[in-house]
1. So which of Leu75, Leu86 ends up being touching a Lys or Arg at 6+ places or on another chain (Cβ under 7 Å) and modelled with pLDDT under 95?
2. Return yes when Ser123 is over 30 Å from Leu54 (Cα atoms), modelled with pLDDT under 90 and among the hydroxyl-bearing types (Ser, Thr, Tyr) and no when it is not.
3. Return the residues of the range 87-116 that are under 18 Å from Tyr153 (Cβ atoms) and of a type in the set (Ser, Thr, Tyr); say none if nothing qualifies.
4. Would you confirm whether any residue within the range 80-100 is touching a residue at least 40 places away in the same chain (Cβ under 8 Å) and of a type in the set (S, T, N, Q)?
5. Where the second residue is of a type in the set (Asp, Glu) and the first is in the same structural domain as Leu101 (by TED's automatic domain parsing) and lies in the range 134-145, which pairs have Cβ atoms under 8 Å and are six or more apart or on separate chains?
6. Exactly one condition in (1) surrounded by 15 or more Cβ atoms within 10 Å (Cβ to Cβ); (2) under 18 Å from the mean Cα position of the chain (by Cα) is false for Tyr31; which is it?
7. Among (1) within 28 Å of Gln90 (Cα to Cα); (2) of a type outside the set (A, V, I, L, M, F, W, C); (3) assigned to a helix (DSSP H, G or I), there is one condition Glu53 misses while meeting the rest; what is its number?
8. Condition first: free of Cβ contacts under 8 Å to residues at least 60 places away in the same chain and not in a helix (DSSP H, G or I). Can you find one or more residues in the range 11-26 that meet it?
Amino acid sequence: MKVNFRYDSGYDSEYKQRIQEIVEFILSKNYGDTITNTEASKILKYNIYDETELKKYKNTMCRVKNFLIDYGYVLKSIVGIGYYILKPKQISGYCYHTYVLRTENLLNKSARILSHVDTSELSENRMEELNDVKDLNLDVTNAIDTTIENSRYFDKKSFYDNLED
């Protein structure tokens, strides 16, 4: 299977080939398997003990994680070890905790930042911009909170959290 590079067309063929190899390697694994940083870095030809190459490795693995989503594989980072291939039954809870709650927390953080801006040196136009962004932030936060509270998932969350399968 060929990786679709529609979002990364600016990369050279060697880089694309390395991504193709790591994607194929991971797709040969089963849900629940772990891919170590050593295995992945060897395929990608990065020395993860060099600080510059480690950054490149992490950026490349971020791209790889995005490509794998299209194949039904979700990688969860395990600090200092590598990546765990989530089992299908783990994905919805992972998405809720990793992305939905993170979005809510980021909105709360932005509201906190916006509420503590020193407005003494803001022009009238910048003050209007600040108030517009505060209103937008509040509208999005309220929409997300309402959506979460009214969702079927939220009503059944404790049930889902206690599933043993």
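1. On the way: Leu75 fails: modelled with pLDDT under 95.
When all the criteria are applied, what remains is Leu86.
2. Details: over 30 Å from Leu54 (Cα atoms): yes; modelled with pLDDT under 90: no; among the hydroxyl-bearing types (Ser, Thr, Tyr): yes.
Taking the combined requirement at face value, the residue does not satisfy it.
3. Of the residues in the range 87-116, the ones under 18 Å from Tyr153 (Cβ atoms) are 88-105.
Passing the criteria: Ser92, Tyr94, Tyr96, Thr98, Tyr99, Thr103.
4. Yes: the range 80-100 contains one or more residues that are touching a residue at least 40 places away in the same chain (Cβ under 8 Å) and of a type in the set (S, T, N, Q).
5. Thr141/Glu104; Ile144/Glu104; Asp145/Glu104
6. (2)
7. Unmet condition: (1).
8. Residues of the range 11-26 that are free of Cβ contacts under 8 Å to residues at least 60 places away in the same chain, as a first pass: 11-26.
Filter once more, so that each one left must be not in a helix (DSSP H, G or I): 11-12.
Within the range 11-26, one or more residues are free of Cβ contacts under 8 Å to residues at least 60 places away in the same chain and not in a helix (DSSP H, G or I).
The values are calculated or read from the model by the stated rules, or taken from the named source; none is laboratory data. Given the structure is predicted, the values throughout are model-derived calculations rather than measurements. As a convention, Cβ positions derive from the backbone with ideal geometry for all residues, glycine included, and neighbour counts pool all protein chains shown.
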